[in-house]
Ligand SMILES: O=C(O)CCC(=O)C(=O)O
Ligand SMILES: [Fe+2]
């Protein structure tokens, strides 16, 4: 038995308990209705500070992206390497089954055959078999004037349709501006925007690319993008949890 196992189990249980403590009926209804849902206070302020501080620890990351160099916006982010920090890994594992149930319902309504396994390990095994083996959880850092252009986090043929972003900084204290924004492109209609109000430690779950919307004549499919408006002052950190690995 590995000496670290009891501690890991403790963290995994704690993540499961705190994720399970949220009202998933309401969250699923918000995801169905708006394509996003907020889990308030998923992390404590201290946990947020601890995770944000990892940003400067090179050893945790596999790559470092300067958004301006790629036309992605302005600011920077880093993809974690495996093994992920315990809290990041256990939150991702604990969030997945609830989101998979929403994702399976969405696929049925969109006439998609794909169904997602109930456990994240089984979904990752499918990604790995398809050659998508690189971890996608990331830490983002924005300073004054930085922003994240509207985008979709697709990294290969396999894409889990929901993802989660956790705000690690406190609006009004650590930074101003920098709102989390989602747009929904509706077929033959004008696009709709949502600005999601988040406090430090809040998580937003949202659709990665498509979701079904209930119309008068059945469901239709909308195309979503997400991004961050310009940070006006201070520094803003986010933890992004994406459930598919990258090719
Ligand atoms: O910084 C944010 O709030 C957005 C981060 C993001 O694009 C992501 O987690 O995929
Ligand atoms: Fe993103």
Only one of (1) more than 20 Å from residue 226 (Cβ to Cβ); (2) in contact with a helix residue (DSSP H, G or I) (Cβ under 8 Å, 6 or more places away or on another chain); (3) at pLDDT 95 or above fails for residue 98. Which number is that?
-> (1)
Filter the helices (runs of 4 or more DSSP H) completely within the range 1-99 down to those with at least 1 residues that are within 14 Å of residue 238 (Cα to Cα).
-> 45-53
Within the range 100-113, identify whether any single residue is part of a loop (DSSP other than H, G, I, E, B), closer than 15 Å to residue 246 by Cβ and either within 15 Å of ligand 1 (Cβ to nearest atom) or free of Cβ contacts under 8 Å to residues at least 12 places away in the same chain (or both), and answer yes or no.
-> no
Residue identified as within 14 Å of ligand 1 (Cβ to nearest atom) and on the phi < 0 side of the Ramachandran plot among 222, 196 = 196
Tell me which residues, restricted to the range 148-174, are modelled with pLDDT of 95 or more, in a loop (DSSP other than H, G, I, E, B), away from ligand 2 (no atom under 12 Å from the Cβ) and farther than 20 Å from residue 93 by Cβ.
-> 169, 170, 172, 173, 174
Restricting the range 180-192 to residues that are closer than 16 Å to residue 229 by Cα, touching a residue at least 40 places away in the same chain (Cβ under 8 Å) and surrounded by fewer than 19 Cβ atoms within 10 Å (Cβ to Cβ), the residue that is nearest to ligand 1 (Cβ to nearest atom) | 181
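The values are calculated or read from the model by the stated rules, or taken from the named source; none is laboratory data. This structure is a prediction, so every number in the text was calculated from the model and none was measured. Here Cβ is always computed from backbone atoms with ideal geometry, including for glycine, and neighbour counts include all displayed protein chains.
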